[in-house]
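One structure is given here, and the rest of the page talks about it.
The values are calculated or read from the model by the stated rules, or taken from the named source; none is laboratory data. As the structure is a computational prediction, the values presented were derived from the model and not from experiment. Glycine also receives a Cβ, built like all others from the backbone with ideal geometry; neighbour counts cover every protein chain displayed.
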Amino acid sequence: MSGGMRPAVVEQLGARIRAARQELDLSVAALAERSDISRRMLTQIELGQANPSVAILDRVAAGLGTTFAALMGVGADSPPDGVEVWSTEAGSWSVLLDAIDAAGVSIETWKWKLVGTDAYEGASGIASPGHMVHVVEGALEIVIGQEVRTIAAGGSARVMASGGYRYRAADEQGAVYFVVAPQLPPPPRG
């Protein structure tokens, strides 16, 4: 997969993670352990020197007792067009449009565009009951393990993945789609 988070987004996330960690009076080592990532990776994220995957940031958010969307600053006071989180030189992108954090669940709405050979590979970073996908342009290929599904424009699907998954435009023609992703709260920490 080519591309990654925009540098301004990476810097903003790093500052928010550091502030949240300090507010909870956690050391880098303590948050790294809670998040199941290395101290070095966490330090690089906080300094804006790493371009982590959304799955890694989901784990950091869970370690902080919050959500990725909250770390992004997306919610009731967010810009109406959302926040572009991921992009590639070829023109693929993802925008976190909105999120609602309620007791027992956080729900994120994403808009994605994949073009050419660009692909997005995700993994189950935190507990999730799966997510819903609706394709508005082109066709989207979803690979989960050995299963390959193609959803054409106007079609929707549930994606249930306990591990990794891969999205790409079918036949490299381009695809635009929305994802609604509920996430369960992190387990209580001792």
Check your understanding: What is the residue count in segment 80-95 for residues that are in contact (Cβ under 8 Å) with a residue 60 or more places away in the chain and charged (D, E, K, R)?
Key -> 2
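Residue by residue, here is whether (1) under 17 Å from the mean Cα position of the chain (by Cα); (2) without any contact (Cβ under 8 Å) to a residue 60 or more places away in the chain holds:
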site: Leu31; (1), (2): no, yes
site: Thr43; (1), (2): no, yes
site: Pro52; (1), (2): yes, yes
site: Ala62; (1), (2): yes, no
site: Ala70; (1), (2): yes, yes
Exercise for review: Look through segment 83-103, keep the residues that are more than 13 Å from the chain's Cα centre (by Cα) and buried (at least 19 other Cβ atoms within 10 Å of the Cβ), and return whichever of them is farthest from Ala181 (Cα to Cα).
Suggested key: Thr88
Review point. What residue, among those in segment 46-67 that are touching a strand residue (DSSP E or B) at 6+ places or on another chain (Cβ under 7 Å) and not β-branched (Val, Ile, Thr), is modelled with the highest pLDDT?
Key: Asn51
